[in-house]
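Below is one structure, written out as structure tokens, with a few remarks after it.
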Protein chains: 2
Amino acid sequence: MQKPLILVTNDDGITAPGIRNLVNFMNEIGDVVVVAPDSPQSGKGHAITINQTLTFEEISLDGPQKDYSLSGTPVDCVKFALDKILPRKPDLVVSGINHGANSSINVIYSGTMSAAVEAGVEGLQAIGFSLLDFSWDADFSQAKEYIQNIAKKVLENPLPKGVVLNVNIPKLLKDEIKGVKVCRQAHAKWEENFDERINPHGKKYYWLTGYFNNMDTGDDADETALANGYISIVPVKFDLTAHEELEHLRKMME
Amino acid sequence: MQKPLILVTNDDGITAPGIRNLVNFMNEIGDVVVVAPDSPQSGKGHAITINQTLTFEEISLDGPQKDYSLSGTPVDCVKFALDKILPRKPDLVVSGINHGANSSINVIYSGTMSAAVEAGVEGLQAIGFSLLDFSWDADFSQAKEYIQNIAKKVLENPLPKGVVLNVNIPKLLKDEIKGVKVCRQAHAKWEENFDERINPHGKKYYWLTGYFNNMDTGDDADETALANGYISIVPVKFDLTAHEELEHLRKMME
């Protein structure tokens, strides 16, 4: 039987430890092709490159997979892989493992999740994985079995049409992880606080900083599951229509 | 009575005719502050600037509004305006008028709509406007009354919590526009086709190109309304959870 074809991408760049771990985990499940950004692309959301050109290189990294680095965003990587690199439609697209959380509202800023969403728009099965640890030497191995199990389940039972998965993993040892919980996106936002500085020429400049404000303690929210030691799985859709408000809005616009 | 405070932004850049028209339309409704990108930001989606710094300038343009250009993305503009520029929370945030459609799946690639979504995340009333005409000298005046009416309706009757509006305007004369229709996002996607070229040094490079594939002829889809000469209004939400699939997914992950 043909092994599943798995496309791997991320937003931290092709050499990030998070994606190299994910590649190793997926090599045990299928034939892996990596098309990932040649530079860090965190916070790029669903950006695509339309006013600049793209280049790509096949690069040589350890393992049986093929690795291609692209000079674009995570969404560019998915589009480019489908049009120019992959021999056929992949059976699964996985993105990550992100260095840092993409739970709750972070799903809309995340390049990792935008790559998974783009794959969903293309009609493919897709999962984004993120570990709640920003450090470059984070221990991605603790969640290996969980990540492989989630990927296998999706390969065996296709996701509902128009849905991809947002998987976040708490920073815990394997034995401390309590299991997996299917959740909704917690209601939360970033409270921004631009850090003002003065450059050597006397001109003001700013760094975007802020803190994450979780306003949602519901049992079924992803932030709650993570805080309680569970891996959270949120089914994410890209039909952004607020269907439940259509009638109200029709009256309002009369 | 205090006039409403209206923040205006876009993704085509602060000098684009689309935003200058929108500013003029809003000046007749409230006190306008413009915080918009200093350069074109089309296709930037929900990108934020986290690995670079930002600078801004107050610039002088015709009209009673205040204009600030920021060296960032549309989403950066909303965040920066709220934290550093506006004297209080604005009563309305409008983004656009985009040069080109942001109907259907384009909502997720669009910097124009991402600015409106960011304002929604911040708990503000927000609308993105787009005209189905890419040209720089498009005639934005034909839809002036519609745009002002939609803005006034939102100021008078706040939108449901967690919802912003995606307004697309057909390229028609005022008398040809049939009216306004509240719609759902049409099911559609871009079929990408990267254009391969050779640079003067013999290396391949690529331009992202493609065509828009509308797979949805439903009467209630935004593409249908636009094709029939209506202005489409889609209520857009940023809780991306596929709530209707939670139970199914829980069983699948057991």
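The values are calculated or read from the model by the stated rules, or taken from the named source; none is laboratory data. Because the structure is predicted, anything quoted here is derived from the model rather than measured. Positions of Cβ are backbone-derived with ideal geometry, glycine not excepted, and every protein chain shown enters the neighbour counts.
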Q: Filter the range B:63-92 for residues that are among the acidic types (Asp, Glu), outside any strand (DSSP E or B) and in contact (Cβ under 8 Å) with a residue 24 or more places away in the chain and give the result.
A: B:ASP76, B:ASP91
**Q.** Failed criterion for A:LYS84 (all others in (1) surrounded by 22 or more Cβ atoms within 10 Å (Cβ to Cβ); (2) within 14 Å of chain B (Cβ to nearest Cβ) hold)
**A.** (1)
Q | Filtered residue count, the range A:98-109, keeping only those that are in a loop (DSSP other than H, G, I, E, B), crowded, with 24+ Cβ neighbours inside 10 Å and touching a strand residue (DSSP E or B) at 6+ places or on another chain (Cβ under 7 Å) | A | 2
**Q.** Filter result for A:TYR146 (within 11 Å of another protein chain (Cβ to nearest Cβ) and more than 21 Å from B:THR49 (Cα to Cα))
**A.** yes
Q. Can you name the condition, by its number, that A:ILE48 falls short on among (1) at pLDDT 95 or above; (2) β-branched (Val, Ile, Thr); (3) assigned to a loop (DSSP other than H, G, I, E, B); (4) under 30 Å from B:GLY111 (Cα atoms)?
A. (1)
Q. Considering only residues of the range A:179-213 that are more than 20 Å from the chain's Cα centre (by Cα) and of a type in the set (S, T, N, Q), which is surrounded by the fewest Cβ atoms within 10 Å (Cβ to Cβ)?
A. A:ASN199
(Q) Checking A:SER95 against (1) under 23 Å from A:THR15 (Cα atoms); (2) part of a helix (DSSP H, G or I), only one condition comes out false. Which one? (A) (2)
Q. Out of (1) in a helix (DSSP H, G or I); (2) within 17 Å of A:PRO4 (Cα to Cα); (3) among the hydrophobic types (A, V, I, L, M, F, W, C); (4) more than 8 Å from every other protein chain (Cβ to nearest Cβ), the odd one out for A:ALA116 is which?
A. (2)
Q: Answer yes if at least one residue in the range B:19-38 is in a loop (DSSP other than H, G, I, E, B) and within 12 Å of chain A (Cβ to nearest Cβ), and no otherwise.
A: no
**Q.** Residues of the range B:1-56 satisfying the condition of being over 27 Å from A:ASN193 (Cα atoms) and of a type in the set (Lys, Arg)
**A.** B:LYS3, B:ARG20
**Q.** strands (runs of 3 or more DSSP E) (entirely within the range A:184-254) containing at least 1 residues that are at the interface with chain B (Cβ under 7 Å from one of its Cβ atoms)
**A.** A:188-192, A:204-207, A:230-237
(Q) Given the criterion of a type outside the set (A, V, I, L, M) and over 30 Å from B:LYS251 (Cα atoms), identify the matching residue among A:GLU223, A:GLU244, A:GLU254. (A) A:GLU254
Q: Consider A:ALA138 carefully, then state whether it is surrounded by 15 or more Cβ atoms within 10 Å (Cβ to Cβ), touching a strand residue (DSSP E or B) at 6+ places or on another chain (Cβ under 7 Å), in contact (Cβ under 8 Å) with a residue 60 or more places away in the chain and in a loop (DSSP other than H, G, I, E, B).
A: yes
**Q.** the range A:214-254: number of residues that are closer than 23 Å to A:VAL154 by Cβ and of a type in the set (S, T, N, Q)
**A.** 1
